[in-house]
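Colleague: First the structure, then my questions, so here it is.
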Amino acid sequence: MKLLRCFFFLIFLLAANPIIAQSSETENTQPSPIFTEAESEYIDQWFTEFVQEMNLTDEVAMQYQDITNRYSAKMEMIGKDNPDITKTEVRVQFDTLMQEQHQEVKSILTDEQYEMYYDTMKKVVWSINQRLK
């Protein structure tokens with residue numbers, strides 16, 4: 001379901017953001033992606049299959065896409081207006097946006113779908129944070 005892959009796109013935007021991909025807050029070294037291309041392809045495929053398991057109706061799938069597209073754009077903008085932002089500040093802003101997204105997504109999913117979504121997003125965010133340390 002290509003339509004629902006948009007949420008994972010926001011994770012890639014985060015991974016590609018040079019502000020948080022720096023090796024340290026004070027070092028100005030060349031940014032490096034969080035995931036290799038092969039890892040990104042695997043994760044993309046896995047996430048697409050996961051979203052299909054949630055069994056969203058077409059209407060809910062469209063709402064889900066709208067929400068994730070909106071937050072993806074917001075996450076992409078983290079640090080663009082302030083290139084001196086630290087990794088800690090990026091994480092705080094990212095976490096805030098994720099909490100807001102969780103609330104909106106929760107309003108359109110069943111309890112079971114939301115539990116699947118939330119548990120998976122916790123793992124994805126944890127993985128990204130581990131790679132950013």
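Colleague: Can you name the condition, by its number, that N82 falls short on among (1) assigned to a loop (DSSP other than H, G, I, E, B); (2) crowded, with 17+ Cβ neighbours inside 10 Å?
Modeller: With (1) assigned to a loop (DSSP other than H, G, I, E, B); (2) crowded, with 17+ Cβ neighbours inside 10 Å applied to N82, the lone miss is (2).
Colleague: If I ask for residues that are among the aliphatic types (A, V, I, L, M) and closer than 18 Å to K74 by Cα, which ones from the stretch 100-123 would you list?
Modeller: Scanning the stretch 100-123 gives V105, M121.
Colleague: Among the residues of the stretch 52-76 satisfying the criterion of being of a type in the set (D, E) and farther than 18 Å from Y114 by Cβ, which is modelled with the lowest pLDDT?
Modeller: Among those residues, the one meeting the criterion is E76.
Colleague: Scan the stretch 110-126 for residues that are touching a Phe, Trp or Tyr at 6+ places or on another chain (Cβ under 9 Å) and closer than 16 Å to E39 by Cα and jot them down.
Modeller: V124, V125
Colleague: Any residue in the stretch 90-105 that is within 12 Å of Y71 (Cα to Cα) sitting within a Cβ distance under 7 Å of a residue that is surrounded by fewer than 17 Cβ atoms within 10 Å (Cβ to Cβ) and aromatic (F, W, Y)? List the pairs, counting only those 6 or more apart or interchain.
Modeller: Filtered contacts from the stretch 90-105: H102/Y118; V105/Y114.
Colleague: Something else now. Give the residues of the stretch 52-68 that are part of a helix (DSSP H, G or I) and not small (G, A, S), sorted by residue number.
Modeller: Q52, E53, D58, E59, V60, M62, Q63, Y64, Q65, D66, I67, T68
Colleague: A follow-up question, please. Is the stretch 93-116 home to any residue that is farther than 23 Å from D44 by Cα and small (G, A, S)?
Modeller: So far as the stretch 93-116 goes, yes, one or more of its residues are farther than 23 Å from D44 by Cα and small (G, A, S).
The values are calculated or read from the model by the stated rules, or taken from the named source; none is laboratory data. Not measured: the values here are computed from a predicted model. Counting neighbours? That spans all protein chains shown, and the Cβs are built from the backbone with ideal geometry, glycine included.
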